[in-house]
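Step one of this worksheet: look at the structure below.
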Amino acid sequence: MEISAKTVMELRAHTNAGMMDCKKALKETNGDMEAAIKYLREKGISKAAKKAERATKEGRIYSYIHGQGKIGVMVEINCETDFVARNQKFIDLCKDIAMHIAAANPQAISETDLDEQMIEAEREIYRKKALNEGKPEKIIDKIVDGQIDKFKKQICLMDQEFVKDPEKTVQDVMHEAISQLGENMQIARFVRYSLG
């Protein structure tokens, strides 16, 4: 059964679970929304959404050096307690996120962190490109919006395909960790350096 993106987004709005988790839940339940919500709850995935409101005042700053010192990353991931911050699974999560940042070079954590001037500059480039390709004026805005959405997904950490498992986004990986460790977690900030 083919699951539409609209249905996946609707389930995500109800559960705040990751896109891939929602798609899998809908496939498992043949597109039944109520059954998919129940499926996510049973798997503990929707727990991540409930924990998202809780304060994250502990955590860890993790540093990672890649390529014989050519790329360096520091990432701060927060959690609720120092107990979880010392947990090996949390440390492994920090390492995985740092390695992802080194490989994927995100520009921001999420869309809300993006510079609006940069997005408008990209929008203008896409618009001119569409005009130069002779696209009809009436569909140019739709084309540009689609390209901007794709661009944001490529540069926003939480929307990027996770380098160790492209079937998941970084957001999905975070939700899984929240479900496993039972605490809210947030990527607070990161910095990536590359030689030259």
Among His14, Ala102, Phe151 - extreme Cα towards positive end, dipole of the chain, charges at beta-carbon: Ala102
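Using the structure shown, select from Lys95/Lys168; Lys24/Lys168; Lys6/Lys168; Lys57/Lys168 the pairs with a Cα to Cα distance greater than 21 angstrom.
Flagged as over cut-off: Lys57/Lys168.
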Starting from the Cα of Glu167, step 7 Å along the direction of its Cβ; do the same at Lys95; then give the gap between the two resulting points in nm. 2.3
With labels modelled as points extended 7 Å from the Cα through the Cβ direction, what inter-label distance (nm, one decimal) is found for Lys150 paired with Met33? 3.0
Per-pair calculated FRET efficiency, R0 = 45 Å: Asp141 and Asp82 via Cβ, rounded to 0.05: 0.35
Can you give me the P(r) profile for the chain? Cα pairs, bins 10 angstrom wide beginning at 0, each as a whole percent. 9, 29, 32, 22, 8, 1
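What is the extension gain from Ser63 to Ala13, computed as 0.36 nm multiplied by their sequence separation minus the C-alpha to C-alpha distance, in nm to one decimal?
Details: separation 50, 0.36 × 50 = 18.00 nm, distance 3.38 nm.
So the chain would gain 14.6 nm between Ser63 and Ala13.
Can you show me the helix-derived [θ] at 222 nm for the chain, built from DSSP H runs with n ≥ 4 at -39,500 (n - 2.57) apiece and divided by the number of residues, rounded to the nearest 500. List each step's numbers first, then the result.
Values: 9 runs with 106 residues, N = 196.
One gets -16500 deg cm²/dmol as the mean residue ellipticity at 222 nm.
Beyond a 24 Å Cα-Cα separation, which of these cross-linked pairs lie in this structure: Lys23/Lys164; Lys129/Lys152; Lys89/Lys152; Lys38/Lys150?
Flagged as over cut-off: Lys89/Lys152; Lys38/Lys150.
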For Cα pairs less than 8 Å apart in space and 6+ apart in sequence, what is the mean separation divided by the residue count of the chain, i.e. the relative contact order in percent? 27
What is the set of long-range amide H partners of Ala188 at a cut-off below 5 Å, with H atoms built 1.01 Å from backbone N? Glu76, Ile77, Asn78
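Rule-based calculations on the coordinates, nothing more; no lab input. Since the structure is predicted, the reported quantities are computational estimates derived from the model, not experimental observations. In this analysis, Cβ positions are derived from the backbone assuming ideal geometry, glycine residues included, and neighbour counts consider all displayed protein chains.
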